[in-house]
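Below is one structure; the comments refer to it alone.
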Amino acid sequence: MSISKDLQAMREHYDQEPLRRSDLSACPYEQFSTWLSDAVEKKIYDPNACSLATVDKEGHPSARAVLLKGMEEGGFSFYTNYNSRKASHLENNPNASIHFPWFALQRQVVVIGVVSKLGEQVADDYFQSRPSLSKLGAWASQQSEEVDSRESLEKAFLEAKEKWGDDPPKPPHWGGFSLSPVSIEFWQGGPNRLHDRFIYSRHQGGEKWNIQRLNP
Ligand SMILES: Cc1cc2nc3c(=O)[nH]c(=O)nc-3n(C[C@H](O)[C@H](O)[C@H](O)COP(=O)(O)O)c2cc1C
């Protein structure tokens, strides 16, 4: 049987207890922290991995995984190469979305907002906490540029190791972004495809969050 035939037969049953408005925290960050803690406790693989969607100058969207590395002052932060494709999209258009795919829990969270760069000191502090070999990887990779072979990449890594030893500084082109949300949607799967969806939204920079239930 071809895999495309199999696709039509692939069907999961969602069976979580109904999620009620009274179950939710008034603060979306608290609600997010509760669900993230659940994902950690249930040992979801890479619980802080999310998909980051950006758009290019022509309005073409693209998505890729990043790791959530902080939730400072209400922003969702991640780190990357400022010369990468995603960073050039964000420089041009700071509107972005991140999606947490906690499918094993029959849950997803979709965050939409506007990104800004994290300060150098914050990025430096986080960079210093990374394992030495990851730090060297950040020097070796011209992220999103074409590379002619695996060997070239490994050579660049060895050159970085030779130059910086075991304690490389943060490369100038490496840093973080923080996404300040205008909406955060929580989705939980329920029986008969009657899933629960709640969206918290606010005006950019506003304090007050409005909560609405959405049709599945
Ligand atoms: C689970 C996972 C986590 C990742 N985390 C990051 C990350 O935190 N930062 C990053 O720059 N790339 C990360 N990547 C690689 C990106 O998905 C992507 O390939 C890379 O950033 C280049 O994207 P771009 O060319 O669209 O800029 C991760 C990939 C996976 C699969």
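Here, each number is a calculation from the coordinates, and none is a lab measurement. Predicted model only: the values in this text are computed from it and were never measured. Positions of Cβ are generated from backbone atoms using ideal geometry, with glycine treated the same way; all protein chains shown enter the neighbour counts.
Only Lys, Arg, Asp and Glu carry charge here, each on its Cβ (+1 for the first two, -1 for the last two); on that basis the stretch 2-69 has a dipole of about 140 debye about its Cα centre.
Globularity index of the chain is 1.17 (Cα radius of gyration / 2.2 N^0.38 Å, N = number of residues).
When 54, 34 are sorted by how many other C-beta atoms sit within 10 angstrom of their C-beta, beginning with the fewest, the order is 34, 54.
Of the residues 121, 104, 24, the one whose Cα sits farthest towards the positive end of the charge dipole of the chain is 24 (charges of +1 on Lys and Arg Cβ, -1 on Asp and Glu Cβ, taken about the Cα centre). Given R0 = 25 Å, the distance between the Cβ atoms of residue 8 and residue 215 translates into a calculated FRET efficiency of 0.55.
The amide H of residue 182, built 1.01 Å from its N in the peptide plane, has 112, 113, 114 as neighbours under 5 Å, considering only residues 5 or more places off or on other chains.
Annotation note: GluC sites (Glu not before Pro) in the stretch 18-81 located in DSSP loop regions with a Cβ neighbour count of at most 13 within 10 Å are 58.
Applying both filters, DSSP loop and at most 13 other Cβ atoms within 10 Å, to the GluC sites (Glu not before Pro) of the stretch 145-185 gives 145, 146.
Compared with the dominant Cα axis of the chain, that is its longest principal axis, helix 150-164 is turned about 70°.
Count Lys and Arg as plus one, Asp and Glu as minus one, and take only other residues whose Cβ is under 11 Å from that of residue 214; the net charge is then 0.
Are there trypsin sites (Lys or Arg not before Pro) in the stretch 1-36 that DSSP puts in a loop and that have at most 15 other Cβ atoms within 10 Å, and which ones? Within the stretch 1-36, the qualifying trypsin sites (Lys or Arg not before Pro) (loop, at most 15 other Cβ atoms within 10 Å) are 11, 20.
When the Debye formula is applied to the Cα atoms of the stretch 1-86, each taken as the same point scatterer, what base-10 log of I(q)/I(0) results at q = 0.16, 0.23, 0.25 Å⁻¹? The computed values of log10 I(q)/I(0) come out as -0.98, -1.17, -1.22. Taking the inverse of the mean 1/r over every pair of distinct Cα atoms in the stretch 110-216 gives a Kirkwood hydrodynamic radius of 17.5 Å.
Counting neighbouring Cβ atoms within 10 Å and putting the fewest first, the residues 45, 82, 29 line up as 45, 29, 82. Only DSSP H runs of four or more residues enter the estimate; each adds -39500 (n - 2.57), and after division by the residues of the chain the mean residue ellipticity at 222 nm equals -8500 deg cm²/dmol. Couplings for the stretch 99-107, taken from phi via the Karplus curve 6.51 cos²θ - 1.76 cosθ + 1.60 with θ = phi - 60°, read 10, 9, x, 8, 5, 5, 9, 6, 9 Hz in order; Gly and Pro are left as x.
For the chain, the Cβ-based charge dipole about the Cα centre amounts to some 600 debye (Lys, Arg positive; Asp, Glu negative; other atoms uncharged). Sequence-distant contacts, meaning Cα pairs under 8 Å at least 6 residues apart, place the relative contact order of the chain at 23 percent. For the stretch 54-143, averaging the sequence separation of C-alpha pairs within contact (under 8 Å, six or more residues apart) and dividing by the residue count gives a relative contact order of 24 percent.
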